[in-house]
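Participant: After the structure tokens below, expect a handful of questions from me.
What follows draws every value from the coordinates through simple rules; no lab data is involved. The model shown is predicted, which means the values in this text are computed figures rather than measured ones. Heads up, the Cβs are rebuilt from the backbone with ideal geometry, glycines too, and the neighbour counts pull from every protein chain shown.
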Amino acid sequence: MKLGLGTVQFGLDYGLSNRLGKTLPAEAGDILRVAREAGIRTLDTAWHYGDSEAVLGRLTREGDGFEIVTKAPALGRAGFEPRDGKELERNFFLSLERLKRDRVYGFLLHNADDLAAPGGRILFEAARNLAGQGFVRKIGVSVYTQAQIEATLANYAIDLIQLPISVLDQRLLKSGTLARIKDQGVDIHARSAFLQGLIFLDPESLDPYFAPIKERLAAFHRAVERAGAGPVQAALAFLRNIPEIDRIIIGVNTAAQLRDNIQDYCRADALDLDFGAFAIQDERMVNPALWGLS
């Protein structure tokens, strides 16, 4: 099972197509129960995801089979000193306290640009020290751009990387970047599988900002419909068949959504589409951080 569960919705009102708001604790518990029964093991959270860590701390426990990946606060400073490494460690232990765990599977720097700043190695060494003490199994980084990937791989021996890739955003696949990352022995966790729900939306109801990709999205919907499938099944089929990807991180608001996603994932191998026809190269359309919605 490649699926992993993103839990930002447990702590924040998140997502372009989200009409339900922040997931209530009782529903979060149902989601986790469905995930466990389906064999989903990876839970993805972060310091910046509202009270997501605290919700997981209340609803999960050591030895329950879940592997938690969390992320350090994005600092965004011009440079770093030894005291910043100590701050990273303090914040990590606060995350453990909220999660009610003695250790976590993964710990990521949430802002890859922090590593590229002067003194960025101080942060990396602090994270590696936590791993050396047994508090973390794998350390790494969350990235958004090709440039961040290149800078990280050139300077740091990471274990885990979280990156954006979807049926609409295939740039890292087509460039061979995924293969190069895997050749370095790095685990790859794919996020933005649904582009915050953009792939679900009716092309005719899109925000005007997305006018340049309206026809591409419509073509995707038509092809999926002709194949007798849905956009979720197609999105997961694209990612499931990429061998370099170890986990596909998806977020849901309800247990029913997760059940549907799991069913679509299990049926993904039956879908035969030319996924390359749906790729969008314009970063402004596939990077949510750059969206200028009206």
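Participant: Kindly write out, for the range 199-205 in residue order, the coupling ³J(HN,Hα) from the Karplus curve 6.51 cos²θ - 1.76 cosθ + 1.60 (θ = phi - 60°), rounded to whole Hz, with x marking Gly and Pro.
Facilitator: 5, 7, 6, 5, x, 6, 10
Participant: Got a sec? Charge dipole of the range 3-290, +1 on Cβ for Lys and Arg, -1 for Asp and Glu; which of THR152, HIS221, LEU173 is way out at the positive end?
Facilitator: THR152
Participant: Continuing with this model, one more query. Taking H placed 1.01 Å from N in the peptide plane, check which residues at least 5 places from LEU3 or on another chain put their amide H under 5 Å from its amide H.
Facilitator: Those lying under 5 Å, H to H, from LEU3 are ILE248.
Participant: Taking neighbour Cβ counts within 10 Å as the exposure measure, how do SER142, SER175, SER294 sort from fewest upward? Before the final figure, lay out each step's value.
Facilitator: Numbers: SER142 23, SER175 12, SER294 5.
Taking fewest neighbouring Cβ atoms as first place, the list is SER294, SER175, SER142.
Participant: Helix-only estimate, please: 222 nm mean residue ellipticity of the chain, summing -39500 (n - 2.57) across DSSP H runs of length 4 or more and dividing by its residues, to the nearest 500.
Facilitator: Details: 13 runs with 122 residues, N = 294.
About -12000 deg cm²/dmol.
Participant: Between ASP202 and HIS48, what is 0.36 nm times their sequence separation minus the Cα-Cα distance? Round to one decimal in nm.
Facilitator: Values: separation 154, 0.36 × 154 = 55.44 nm, distance 3.03 nm.
Result for the pair: 52.4 nm of gain on full extension.
Participant: With the Cα gyration tensor of the chain in hand, convert its eigenvalues to equivalent ellipsoid semi-axes via √(5λ) and list them largest first in whole Å. The partial results should precede the final answer.
Facilitator: Details: eigenvalues 186, 103, 63 Å².
Listed largest to smallest, the semi-axes of the chain are 31, 23, 18 Å.
Participant: Hey, what do the phi angles of the range 267-279 turn into as Karplus ³J(HN,Hα) couplings, whole Hz, using 6.51/-1.76/1.60 and θ = phi - 60°, x for Gly and Pro?
Facilitator: 9, 5, 5, 7, 9, 10, 9, 7, 5, x, 5, 9, 5
Participant: Provide the packing ranking of 59-71, 276-288, i.e. peptides ordered by the mean count of other C-beta atoms within 10 Å per residue, highest first.
Facilitator: Numbers: 59-71: 17.2, 276-288: 15.7.
Put in order of decreasing packing, that is 59-71, 276-288.
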